[in-house]
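**Student:** Okay, handing you the structure first.
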Amino acid sequence: MSWTARQRAMLQEMGVGGWLRHVAPATVAVAVEAPPEVAVLHAEPAPVAPPAEPTGPAPQGPRPSGVETMDWPALREAVAGCTACGLCRTRTQTVFGVGHERAHWMIVGEAPGEQEDRQGEPFVGKAGQLLDNMLRAVGLSRGEGDAERQVFICNVLKCRPPGNRNPDPAEVAQCEPFLLRQVQLVRPRIILAMGRFAVQSLLRTDEAIGRLRGRVHRYAGVPTIVTYHPAYLLRNLPDKAKAWDDLCLAVETLRAAERAD
Ligand code: URA
């Protein structure tokens with residue numbers, strides 16, 4: 001199958017070159033690919049020696065209660081003031097999420113990196129630029145549009161792990177009620193989980209992304225498509241073709257659900 005002019009334009013938006021000529025666009029029946037190794041979660045080079053984490057007693061802040069019934073303002077406030085895990089001591093600010101509060105598409109990444117911690121918005125670095133291009137390729141945007149076109153982007157963790165280290169299971173456990181409430185409030189029609197960490201946290205699995213791609217999962221009852229983290233794609237250009245397939249699968253899944261409604 002060859003790419004149409006429109007698809008070529010979309011791939012151009014994603015920064016995918018002519019080498020994709022022989023890659024067929026995905027359909028809902030896309031086959032599961034051989035599992036590639038996913039080694040890199042962040043675009044920023046890993047620091048030689050991660051900054052030391054403050055020592056001392058764990059934060060004594062209360063675990064947020066009543067999260068499951070909060071509205072948007074209460075949830076924002078609870079996240080901003082959360083001291084339930086040690087990440088509150090090293091963050092500059094929490095990173096709540098951005099986009100349409102009733103978006104059809106919800107994008108879930110891992111955790112804020114250095115720039116996100118500084119700016120208070122998810123995916124603002126180079127990986128974020130690639131994410132924006134990928135979204136644009138299928139007619140979506142983080143910045144403007146109606147619920148159909150403007151996505152909601154957030155992370156599993158709302159605070160940056162120091163030195164971009166992997167999130168700790170205890171940190172995820174403390175933070176997940178926030179993500180769950182965000183999903184309940186947005187009520188997305190599709191979730192795109194990006195990167196090994198987000199995928200494995202949402203789906204409660206330790207399977208590799210390569211084994212999970214190409215089929216529809218569910219998180220909190222919402223159809224969920226898994227794909228590579230944009231930072232990984234920046235270092236593994238050939239896998240952009242697979243990310244494109246994943247995006248197409250998400251589009252097709254959403255369309256199929258809308259047709260069935
Ligand atoms: N990586 C993520 O997973 N999320 C961000 O917000 C930034 C980088």
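The values are calculated or read from the model by the stated rules, or taken from the named source; none is laboratory data. Only a predicted model underlies this, so the values are computations on that prediction, with no experimental measurement involved. With ideal geometry, Cβ positions are generated from the backbone for all residues, glycine too; neighbour counts draw on all protein chains shown. The area values use the complete protein model at the heavy-atom level, side chains included, leaving out ligands, DNA and RNA. Shrake-Rupley method; radii C 1.70, N 1.55, O 1.52, S 1.80 Å.
**Student:** Are any residues in region 141-156 open to solvent by less than 10 Å² (accessible area, probe 1.4 Å) and either more than 15 Å from the ligand (Cβ to nearest atom) or in contact (Cβ under 8 Å) with a residue 60 or more places away in the chain (or both), and if so, which ones? Break it down stepwise before answering.
**Tutor:** Taking region 141-156 and keeping what is open to solvent by less than 10 Å² (accessible area, probe 1.4 Å), we get 151-156.
The one that is open to solvent by less than 10 Å² (accessible area, probe 1.4 Å) and either more than 15 Å from the ligand (Cβ to nearest atom) or in contact (Cβ under 8 Å) with a residue 60 or more places away in the chain (or both): Asn155.
**Student:** Scan region 90-134 residue by residue and report those that are away from the ligand (no atom under 14 Å from the Cβ) and either without any contact (Cβ under 8 Å) to a residue 40 or more places away in the chain or among the hydrophobic types (A, V, I, L, M, F, W, C) (or both).
**Tutor:** Going residue by residue through region 90-134, those that are away from the ligand (no atom under 14 Å from the Cβ) are 90, 100-105, 133.
Within region 90-134, Ala103, Trp105 qualify.
**Student:** Out of region 200-220, which residues are open to solvent by less than 50 Å² (accessible area, probe 1.4 Å) and over 19 Å from Pro167 (Cβ atoms)? Lay out the reasoning, then the answer.
**Tutor:** Our first condition is that a residue be open to solvent by less than 50 Å² (accessible area, probe 1.4 Å); within region 200-220, this holds for 200-203, 205, 208-210, 212-214, 217, 219.
Hits for region 200-220 are Gly210, Arg213, Gly214, His217.
**Student:** Here's another thing I want to ask about it. Looking only at region 206-215, decide whether some residue is within 16 Å of the ligand (Cβ to nearest atom), over 22 Å from Arg149 (Cα atoms) and touching a residue at least 12 places away in the same chain (Cβ under 8 Å). Even if it seems obvious, please write down each step before you answer.
**Tutor:** First pass over region 206-215, keeping only residues within 16 Å of the ligand (Cβ to nearest atom): 209.
In the following step, the residues that additionally are over 22 Å from Arg149 (Cα atoms) were identified as 209.
Cutting the leftovers down to touching a residue at least 12 places away in the same chain (Cβ under 8 Å) gives us 209.
Within region 206-215 (the criterion being within 16 Å of the ligand (Cβ to nearest atom), over 22 Å from Arg149 (Cα atoms) and touching a residue at least 12 places away in the same chain (Cβ under 8 Å)), the answer is yes, since at least one residue qualifies.
**Student:** Looking at Glu101, Glu116, can you tell me which residue is under 25 Å from Asp132 (Cβ atoms), in a loop (DSSP other than H, G, I, E, B) and either open to solvent by less than 30 Å² (accessible area, probe 1.4 Å) or charged (D, E, K, R) (or both)? Break it down into steps so the answer makes sense when it comes.
**Tutor:** On the way: Glu116 fails: in a loop (DSSP other than H, G, I, E, B).
The conditions single out Glu101.
**Student:** May I pose another question? Modelled with pLDDT of 95 or more, in contact with a helix residue (DSSP H, G or I) (Cβ under 6 Å, 6 or more places away or on another chain) and not polar (S, T, N, Q) - does that describe any residue in region 110-119?
**Tutor:** Just the residues of region 110-119 that are modelled with pLDDT of 95 or more, to begin with: 110-119.
Going one step further and asking which of them are in contact with a helix residue (DSSP H, G or I) (Cβ under 6 Å, 6 or more places away or on another chain), we end up with 110, 113.
Now drop any that are not not polar (S, T, N, Q), which leaves 110, 113.
Yes, region 110-119 contains a residue that is modelled with pLDDT of 95 or more, in contact with a helix residue (DSSP H, G or I) (Cβ under 6 Å, 6 or more places away or on another chain) and not polar (S, T, N, Q).
**Student:** State yes or no: is Cys159 farther than 17 Å from Trp105 by Cβ and modelled with pLDDT of 95 or more? Break it down stepwise before answering.
**Tutor:** Details: farther than 17 Å from Trp105 by Cβ: yes; modelled with pLDDT of 95 or more: yes.
Considered against the rule, which asks whether it is farther than 17 Å from Trp105 by Cβ and modelled with pLDDT of 95 or more, Cys159 comes out as yes.
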